[in-house]
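Everything below concerns the one structure shown next.
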Amino acid sequence: MATKDYSKNNKKRKQATENISTEVPTEYANLEMLSDEEALGDDAISDDGHVDKFPGIDIKSDSEEEYSEVADDEVEDDSDEEDNEDGEDDSNFDSDDSELHVFPKPKTITSKITGQQKRVYPEIDPHYDSDSSTEDAPNRVGDIPMHWYDDLPHVGYNIDGKKILRPARGDELDKFLQTVEDPSAWTSAFDKNAQMDKPLTTEELDIIRRLYVNEVPDANYDPYEPMTEWFTGKGKEEIMPLSAAPEPKRRWIPSKWEKQKVMKIVRAIRQGHIISSKPKTTSKYSFYSIWSEPSTSHPPPLPAPKPRLPTNSESYNPPEEYLPSEAERKEWEAQDPEDRERDYLPQKYSSLRLVPAYDRFIKERFNRQLDLYLAPRVQRVKLNIDPDTLIPKLPSPNSLKPFPNYKSLVFRHIKGRVRCLSISPDGAWAVSGDEDGFVSLWEIMVGREVKRWKFEGKIGSVEWCPRSDVNYFIVGIEDAIHFLIPPNIPNSVLSLTQALLAPATLPPLPAVPSPVKWITSPSHTSIDSPILTVHLPPSSGLPNQIAWHRRGDYFATVSTNGTQGGVWIHQVTKRHSQAPFKKVKGIIQLVLFHPLQPHFFVATQQYVRIYNLSEQKILKTLVPGIKWISSMDIHPSGDHLIVGGYDRKLCWFDLDLSDKPYKVLRYHTRAIRSLHFHPTYPLFASSSDDGSIQIFHSRVFNDLMTDPLIVPLKILRGHDIREGLGVLQVRWCIRQPWLVSGGADGKATVWCS
């Protein structure tokens, strides 16, 4: 069987030999094999003119014996040639070794495996001392921070794992002397790994010099090399394959055949005929790199800001109003690029095929990359802001004098809380009332009591008439208002006052009768009793507030109970009273007259409404954001209003701007009871149940672009807190920066500057 296989193989070999011999053309029989160096030249010739012939194939060797004989002959020839070559190599090596004597001589022995001779070199002695004592031991610590070895006596380890001790280095004086003695010291640098100074090469010095003069470090860099025109010139134009043929319908209509195929697969998945193969896990355990970056708890970085969307002017076919005229185009071209409102001009094309390539694409991409590179998006957790910079820069209180800063005198009532007080128009007298029904008239300069009146019930409010030609004040008690004339006034003023309050002929009665009655006292010439009394409707309650008009002919009262919200407007000359509101939303707390215009301010619990009395309509509703309004006052200019509440808020309104507060101040710790602007000085005061009085500088400018200047100046403390009540009312002296306050401790205090 083996003989048959061998004969078959031999026949196949003969057929292959015949095929090769017949297929090789005769014109390639004399090929010349050139080396790489010789093939480079065109006229290359062979060595000594001798040409090696391509070995031919003997087609006569058909028998197996001939083939084996030829093979044996070739093996013998090859072995002989190898022996000759080995002999030549040995002789050459021996001659070279005898001449150089560098390497040890090898021994020629016979191999036990192959039976042939081979060269064997002697073994290398591992203890042979081949190290050079002049070479420095290199530091093998790798790329690590060298400051880890600052506190250690060594600076690293060599290749054998031995410590490399730190070389001794002198002090700064030794370094300086060494640089003086060594002229090349300035061209060396300190190597941290070797802990020694190493000289810099010429190339490194040249790079340092170029960096110092702001040049490119590479000496072979040419910044002015000619530009390569990639898309300019003949044959480089970009040809766009355009076709006018209509697009086929299949490009925008979904394929029904694909839909059927997809639905068939979906049904098979739903019915369980197709089961997705689970991903095969390569390993049972998952391994993690312990040297990778540690996991962080910080949120992922913020996404890049999106570019702005194009507008109508950037369309290829914009409306006509977006297209610039010829003058606008010339003006746009004459401007600098950074001064232009936009960096393009709208253009109009009849079709999208006529739109050329975008000429600003590269520039916009470059600017976009600059924005992303130069403006990194970092989510700041904490802002490094100096707290002092958040405090507004306010002037010093010493530069805003005068203002009251100390207690001058105290006027004491017998008993009861000083709930109300008022200052005369000349600023010399003060009248105060307490809850026991006593009304006291006293001098502000010395605190001496001049006159005292006694009424039945509480004193709800006291207010002096603002007129200068007459002199009287009114006192509000339960369901009545009394007119009193102070003593020791000039006879001319006394006669005018009596003629006003108790005229000989009474004015005619109004066409519409009023439930308020005006009654003149029989003994109107006596100062011990009221000269005139206004009786409010029954069950009106105690008048908590009396507000005078600037001319002194009208005044308004606010009572705790009664119809029409408890608000009545009285006219002294006509002896007539009327209720301005038929129906009021909410409970009215306070009212005020505008100092210059016929406007009327009405404050409910949470809102302040402004009415025009001449036109009888509402103008504005202010929303201070206070739960319960307790006090209110208007600036002498009439453009600003302050509102205080029981929730400790003080709101400043600019009536020309908005219905929301311009400023909200929270300086008191308890409910605010009273507010008052100074008639002439830029000051206002607020009192609270915490027993303190806050003095503020409030300068209002005529320029509408300048905001009011509000500066806290002084905190006045001198009243005691009784039963949770502190300072109940404050009033300014008209001609001096003095303040008069009345508290729940029964004291009326004068504060001077």
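The values are calculated or read from the model by the stated rules, or taken from the named source; none is laboratory data. Please read these numbers as outputs of a predicted model, since none were measured by experiment. Quick reminder, even Gly has a Cβ in these numbers, built from the backbone with ideal geometry, and neighbours come from all protein chains shown. Just so you know, the surface numbers come from the protein's heavy atoms only, side chains and all, with ligands and any DNA or RNA stripped out. Shrake-Rupley method; radii C 1.70, N 1.55, O 1.52, S 1.80 Å.
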- Task: Answer yes or no: is there a residue in the stretch 703-721 that is outside any strand (DSSP E or B) and surrounded by 23 or more Cβ atoms within 10 Å (Cβ to Cβ).
- Result: yes
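Among the residues of the stretch 730-746, count how many are outside any loop (DSSP other than H, G, I, E, B) and open to solvent by 30 Å² or more (accessible area, probe 1.4 Å).
Applying the first criterion (outside any loop (DSSP other than H, G, I, E, B)) to the stretch 730-746 yields 730-732, 739-743.
Next, from what is left, pick out any that are open to solvent by 30 Å² or more (accessible area, probe 1.4 Å): 731.
Total satisfying the criteria: 1.
Do we find that Pro503 is in the same structural domain as Gly433 (by TED's automatic domain parsing), more than 24 Å from Val567 (Cβ to Cβ) and not β-branched (Val, Ile, Thr) in this structure?
On the way: in the same structural domain as Gly433 (by TED's automatic domain parsing): yes; more than 24 Å from Val567 (Cβ to Cβ): yes; not β-branched (Val, Ile, Thr): yes.
Answer is yes for this residue.
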- Which of (1) within 30 Å of Asp359 (Cβ to Cβ); (2) open to solvent by 80 Å² or more (accessible area, probe 1.4 Å); (3) among the charged types (D, E, K, R) is the odd one out, the single condition Asp222 does not satisfy? (2)
- Could you tell me whether the stretch 640-656 includes any residue that is over 22 Å from Val700 (Cβ atoms), hydrophobic (A, V, I, L, M, F, W, C), in contact with a Gly (Cβ under 9 Å, 6 or more places away or on another chain) and open to solvent by less than 30 Å² (accessible area, probe 1.4 Å)? no
- Considering (1) in the same structural domain as Ile531 (by TED's automatic domain parsing); (2) closer than 19 Å to Ala480 by Cα; (3) touching a residue at least 24 places away in the same chain (Cβ under 8 Å); (4) surrounded by 15 or more Cβ atoms within 10 Å (Cβ to Cβ), say which one Thr573 fails and leave the rest. (4)
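Return yes when Val534 is assigned to a strand (DSSP E or B), modelled with pLDDT of 85 or more, surrounded by 19 or more Cβ atoms within 10 Å (Cβ to Cβ) and within 60 Å of the chain's Cα centre (by Cα) and no when it is not.
On the way: assigned to a strand (DSSP E or B): yes; modelled with pLDDT of 85 or more: yes; surrounded by 19 or more Cβ atoms within 10 Å (Cβ to Cβ): yes; within 60 Å of the chain's Cα centre (by Cα): no.
It is false that Val534 is assigned to a strand (DSSP E or B), modelled with pLDDT of 85 or more, surrounded by 19 or more Cβ atoms within 10 Å (Cβ to Cβ) and within 60 Å of the chain's Cα centre (by Cα).
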- Query: Within the stretch 537-580, can you find the residues that are over 54 Å from the mean Cα position of the chain (by Cα), under 16 Å from Val462 (Cα atoms) and not in a strand (DSSP E or B)?
  - Reply: Gly541, Leu542, Gly552
- Message: Regarding the stretch 251-263, can at least one residue be identified that is modelled with pLDDT under 85, out of contact with any helix residue (DSSP H, G or I) (no Cβ under 9 Å at 6 or more places or on another chain), in a helix (DSSP H, G or I) and open to solvent by 100 Å² or more (accessible area, probe 1.4 Å)?
- Response: yes
